[in-house]
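A quick write-up on the structure given underneath.
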Ligand code: UN1
């Protein structure tokens, strides 16, 4: 641990309220008591920050109705003007960078640099979306009939329901919202019930941007609630696209419900990301890349590195260096600039971690580092836990399971084919990487018969993607793509247009009739 004393809950509550106030949110207006409340808590101490009134089912329906009504007009606003709203949002996010980072640290437990990085990711996607607002290109297609023009147009889709997770409480909202807004959609957001205050800040800043540019208020609605609230959103036929980030379990419930009403789904579910370390790898770089991806964010990214597949000639040497680096990781108060590992989101996450480690050891795994709980005397309701490294004899069931905690399983391989088979031998398919200086190996890993993930990297870890690429993965990860590249297409509907400007009526495929 860093030796720094943890802040107490009262100080964190005051800091959160001050940040919210600067973002234009009066916390008192949202507080409520009784059965239907959402508890705002901080993983730094495990203490309660606020009791917030949960959105009722009637309010959920009204929010969707308003977003839908607003969509009817918003879809006709020229895209570059919609971009002006997102441009203003980006300016406000920049001005309130520290406030949002404070809230992310207080509610999600991220260290300062990662909390600021998450806000940067929001600013970056706003920039991207503003550019996109002048580039929602369709194609002109070479048609088969004279005097005819064949083309496609991209139109706004409708209301986008966004379900987001605690671990990226603001960035994932911004990926969806910035892109959806320039695409002419309106958004109803159900954030994780673990991070309601960061959600209020985002909603407050967007409301201010809306007022500043004179956009309609109903382009964005926030729902604070638990599962039932999300279910109502998911089942509402006025919600054209449900963009859901979270566990595979959640996705299994959401996808069939949306499919039953022929709605669209964009799923970002679990990852079980691996890195292959080949004999030619640059070890200094590999150690840094591995430790950031595996122990960073206390192992709570969907892109976190969970499996290390190392060539057998290298394994002992590399593992020793990783274990040494783990021993040096400062753990503790995420506001302390020296800290690199903050708390887990809850003591329940620690229980899940301990159970996974026990299971790994029962199936022959050897715990080489970590798993100790720290600072329990200062914060008995928080979970400060040392990231763990476990050497596994084979890829057992627990290794094939995503445990949302910092556990790095180490496996060894002899041939690259074997490494790729191990790599792809899990149900999830989000992110992947290979550390090698051998071009043949690197290219093979990126090829059609290499990594089966949505993200495949060379000589960097599995986490920390830029917003410019499409983000998402295959298999149980759900197949969705958000953020950059052409991910915007999921937020629009395509119309194919054939225009006849001749005086004839030739039919396609040479059909003759009348
Ligand atoms: C997530 O964990 O849900 O690539 C998103 C990354 C981040 C986004 C992670 N840019 O690690």
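In this calculation the C-beta distance from residue 4 to residue 262 is compared with R0 = 60 Å, giving a FRET efficiency of 0.65.
Label region 169-246 by shape, choosing from rounded, prolate and oblate, from the square roots a ≥ b ≥ c of the eigenvalues of the Cα gyration tensor; if a/c is under 1.5 it is rounded, and otherwise prolate applies when a/b is larger than b/c, oblate when it is not.
oblate
A protection proxy built from the mean count of other Cβ atoms within 10 Å ranks the segments 72-78, 497-503, most packed first, as 72-78, 497-503.
Find the relative contact order for region 138-288 and round it to a whole percent, using C-alpha pairs within less than 8 Å whose residues are 6+ positions apart.
22 percent.
Computed from the C-beta positions of residue 323 and residue 29, the FRET efficiency with R₀ = 60 Å rounds to 0.75.
Whole number please: convex hull volume per residue of the Cα set in the chain, in Å³?
Enclosed volume per residue, from the Cα hull, is 167 Å³.
Quote the FRET efficiency, to the nearest 0.05, computed for residue 312 versus residue 284 with a Förster distance R0 of 22 Å and r equal to the Cβ-Cβ distance.
Efficiency, from the Cβ-Cβ distance: 0.60.
Our helix-only sum for the chain, with -39,500 (n - 2.57) per DSSP H run of n ≥ 4 divided by its residues, gives a mean residue ellipticity at 222 nm of -12000 deg cm²/dmol.
According to the square roots a ≥ b ≥ c of the eigenvalues of the Cα gyration tensor, what is the shape class of region 393-474, taking rounded for a/c under 1.5, prolate for a/b larger than b/c otherwise, and oblate for the remainder? The shape class here is oblate.
Over region 52-157, what is the mean sequence separation of C-alpha contacts under 8 Å (at least six apart), divided by residue count, expressed as relative contact order in percent?
After rounding, I find 24 percent.
Here the gap between residue 458 and residue 497, fully extended at 0.36 nm per residue and compared with their Cα-Cα distance, gives a gain of 9.9 nm.
So what's the gap between the Cα centers of region 190-224 and region 319-387, to the nearest angstrom? Using only Cα atoms, the two centres lie 34 Å from each other.
Once you order the gyration tensor axes a ≥ b ≥ c over the Cα atoms, which shape class does region 290-375 get: rounded for a/c under 1.5, otherwise prolate or oblate by comparing a/b with b/c?
oblate
Comparing Cα centroids, region 43-101 and region 448-508 end up 25 angstrom apart. The value of relative contact order for the chain, using C-alpha pairs under 8 Å at least six residues apart, is 18 percent.
Binning all Cα-Cα separations of region 329-389 at 10 Å, short to long from zero, yields these whole-percent fractions: 22, 50, 24, 4.
The numbers here are math on the coordinates, done by the rules we state, and not lab data. In this text, all values refer to a predicted model and were calculated from it rather than measured experimentally. Positions of Cβ are generated from backbone atoms using ideal geometry, with glycine treated the same way; all protein chains shown enter the neighbour counts.
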